[in-house]
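A quick write-up on the structure given underneath.
The values are calculated or read from the model by the stated rules, or taken from the named source; none is laboratory data. Not measured: the values here are computed from a predicted model. Backbone-built Cβ (ideal geometry, glycine too); neighbour counts: all protein chains shown. Keep in mind that these areas ignore ligands, DNA and RNA; they rest on the heavy atoms of the full protein, side chains included. Shrake-Rupley method; radii C 1.70, N 1.55, O 1.52, S 1.80 Å.
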Number of protein chains: 4
Amino acid sequence: MAGVGTPDPNSSWLSDEELAEVRRRLPLLYVEAVPVRVDGMGVVTSVGLLLRANPQGAITRTVVSGRVMFGETIRDSLFRHLEKDLGPIAFPQLPASPIPFQVAEYFPIPGLSPYLDERQHAVSLAYVVPVTGTCEPRQDALELTWMTPAEASSNAVHAEMEGGRGTLLRAALASVGVLG
Amino acid sequence: MAGVGTPDPNSSWLSDEELAEVRRRLPLLYVEAVPVRVDGMGVVTSVGLLLRANPQGAITRTVVSGRVMFGETIRDSLFRHLEKDLGPIAFPQLPASPIPFQVAEYFPIPGLSPYLDERQHAVSLAYVVPVTGTCEPRQDALELTWMTPAEASSNAVHAEMEGGRGTLLRAALASVGVLG
Amino acid sequence: MAGVGTPDPNSSWLSDEELAEVRRRLPLLYVEAVPVRVDGMGVVTSVGLLLRANPQGAITRTVVSGRVMFGETIRDSLFRHLEKDLGPIAFPQLPASPIPFQVAEYFPIPGLSPYLDERQHAVSLAYVVPVTGTCEPRQDALELTWMTPAEASSNAVHAEMEGGRGTLLRAALASVGVLG
Amino acid sequence: MAGVGTPDPNSSWLSDEELAEVRRRLPLLYVEAVPVRVDGMGVVTSVGLLLRANPQGAITRTVVSGRVMFGETIRDSLFRHLEKDLGPIAFPQLPASPIPFQVAEYFPIPGLSPYLDERQHAVSLAYVVPVTGTCEPRQDALELTWMTPAEASSNAVHAEMEGGRGTLLRAALASVGVLG
């Protein structure tokens, strides 16, 4: 999920060369998270999308995303990537259930699935994660925008997301009953 | 789900007057089904929508829908309503899991949920159901149209569905990974 | 879910006689909740079960349970019954997703499903609900016991639950990945 | 899912040495399937478990399991491993939904999750898959046993499964509403 995804500063388990090699041989496991705010009854009231420049310089929207490391649980990986993208005081509430709302299969060539990642074959377990604190994206060129579920359901937002993440976002909204 | 839903010829457990009375006092339990065709790998290739005239004479699209009777299991009710709307040789494959892809709460006044039914408070358990046979809608004014997932995801189809069923359809498509 | 379930003090929409009549004619809609405590990563660490005497005087364990009223959303109903059974400062975190982990169909005669309620045909949407506050059961003869997921998975606890709720509890534990 | 899992004869994308190296550096993606038979209403009536000798010579039970290859969709991988373990005329009905009933995280050391695989860190997407044909396990030392959901729920069967697969099986049964 290279250009359009989230750089991973902690990929110390493999050198860049090794990772590049593995990327041509194995599907890599990712987690993705759609941060949301909920009201006192658990209803999703707003949805957070990350804004960033892709390698071509275009501004795109995306969700929290990153690779699962060797020996790391999915929960630990989700937490680490949420902290990386939303800062240390976002206070995400990881779901009690480990079952993702969607499994997104990213392939380097189009047509095999709705999801595309020119760099690799990645399989991503995607979760909706309520956050209760303050989000302060820590990385360069990252900004977080909150919008209503209706805005997040719009064709305009769909068009600003790459690699099929507009489809992933709609599935996220549907899973919590707020897709427009 | 009165005008916009499916008439229920079998509501013999309650007289019409009794049912009208109960409708002002209790939430009624419904099942809904989105019939689909799948390929050999289980991928949804087309989606069936019912065409009918609503009480105002407008043509609308809807899904299979009907009330759960006293003493009837959800599976029996799903099967009965699928047969009522799709005919006896549709051969629906009821899901092994009893967990619906969505719970649609229809209220007689708007704003409480995405779903509206002016007649009653109905809570509907909604399922995606592959059918392998031939669909021959048996009731008056009913026709079944098959469309691709992309067509079913369109704003045009969304606008032709009443009571929030456009939203329900999108949630159905998302749950099987084919929402556009 | 009479004797073994939760009395419902708010059933003002129907008189007792009317409700008794309706119970022989229509399936009634219920919600059930398994209260849990989670750690900072969302993992369920303990499970709350209610202790009460059934009409025969035997001590049984059960979960939070109650009827959905006319005009009431499922979330409102869940919240109301959680407050009724756990007190006003339990601070339940209702799930963002409205999809239950299980649909339990209670019938007055055995054999139609794993669930039995001699009083009625009830269909229950069941949720796992993390609570973050203090639970103080408000009703007579109610006590809340916290136990580990392993204890809650045991045959001993299963045998202390009536009407199939031991099965429902195991499905709850499985849905959050902690069934033993 | 070494000894207790399913050997993968098609791992041509990586040499054995390369795969051994990668296994110490990356989580590997697996799929698992619990084959079931369903009745005309979709209710699971029997569950298929594979019998095999583990490297220590003990007889154990397991489910269909195998690695997802580079460029392979989850559906293709599921189908390939079902065919490998159940033969070419099992006619599995892959689910319309790509969402697994459970995500099983296998770690080489115990305690991080209910799942253990001494060879590797593997993350497995697990599905319940109805089969309609005849199962003829093709590989050496493999036999398929059909049992009722009640038998499959028993402690005896649980004890015959390794690496946490007894827990996975119970979650499978719960997801289709037939856990005892």
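For this structure, a couple of remarks:
- Positions from the range C:33-51 whose accessible area shrinks by 50 Å² or more when the full protein complex is built, not the chain alone, probe 1.4 Å: C:Met41
- Taking every alpha-carbon pair within chain B, the share separated by more than 29 Å comes to 14 percent.
- When B:Arg138 is represented by a point 7 angstrom out along its Cα-to-C-beta vector, the spacings to that point in the other copies are 4.3, 4.9, 6.3 nm, nearest first.
- Chain B residue with Cβ closest to the axis mapping B onto A, distance in whole Å: B:Ala174, 2
- Heavy-atom accessible surface of the range B:97-145: percent carbon and sulfur, 1.4 Å: 52 percent
- Accessible surface buried upon A-D contact (total; probe 1.4 Å; Å², nearest 100): 2700 Å²
- Antiparallel DSSP beta bridges within the range C:30-180, percent to nearest 5: 70 percent
- Sorted shortest first, the distances from the B:Arg25 label point to those of the same residue in the other copies are 0.7, 7.1, 7.2 nm; each point sits 7 Å from Cα along Cα-to-Cβ.
- Low-density loop cleavage sites - chymotrypsin sites (Phe, Trp or Tyr not before Pro) in the range B:79-180, where at most 11 other Cβ are within 10 Å (DSSP): none
- For C:His121, nonlocal amide neighbours, meaning residues 5 or more places apart or on other chains whose placed amide H falls under 5 Å from its own, are C:Leu28.
- Dipole magnitude (debye, nearest 20) for the range D:37-128, charges at Cβ of Lys, Arg, Asp, Glu: 140 debye
- Working note: Cα atoms of the range C:93-180, range along each principal axis, descending, whole Å: 38, 32, 27.
- Full-stretch length increase - A:Ala58, A:Ser15 - with 0.36 nm per residue and alpha-carbon distance subtracted: 12.6 nm
- Relative contact order of chain C, taken over Cα pairs closer than 8 Å and 6 or more residues apart, is 28 percent.
- Sum of side-chain charges, B:Ser154 neighbourhood, beta-carbon under 11 Å (Lys, Arg +1; Asp, Glu -1): -1
- Solvent-accessible area per residue, Å², over chain B with all protein chains present [probe radius 1.4 Å]: 36 Å²
- Antiparallel DSSP beta bridges within the protein assembly as shown, as percent of all bridges there, nearest 5: 65 percent
- Taking a sphere under 12 Å around the Cβ of B:Gly177 and counting the other residues whose Cβ falls inside, with K and R at +1 and D and E at -1, yields a net charge of +1.
- Compared with the dominant principal axis of the Cα atoms in chain D, helix D:165-175 is inclined by about 40°.
- For C:Ile89, the distances from its label point to the matching points in the remaining copies are 2.7, 6.8, 6.9 nm, ordered from shortest, with each point set 7 Å beyond Cα toward Cβ.
- Given R0 = 30 Å, the distance between the Cβ atoms of B:Arg138 and B:Asp39 translates into a calculated FRET efficiency of 0.65.
- Rounded to the nearest 500, the helix-only mean residue ellipticity at 222 nm of chain C stands at -6000 deg cm²/dmol, with each DSSP H run of n ≥ 4 adding -39,500 (n - 2.57).
- Inter-centroid distance (Cα atoms) of the range A:109-170 relative to the range C:94-116, Å: 34 Å
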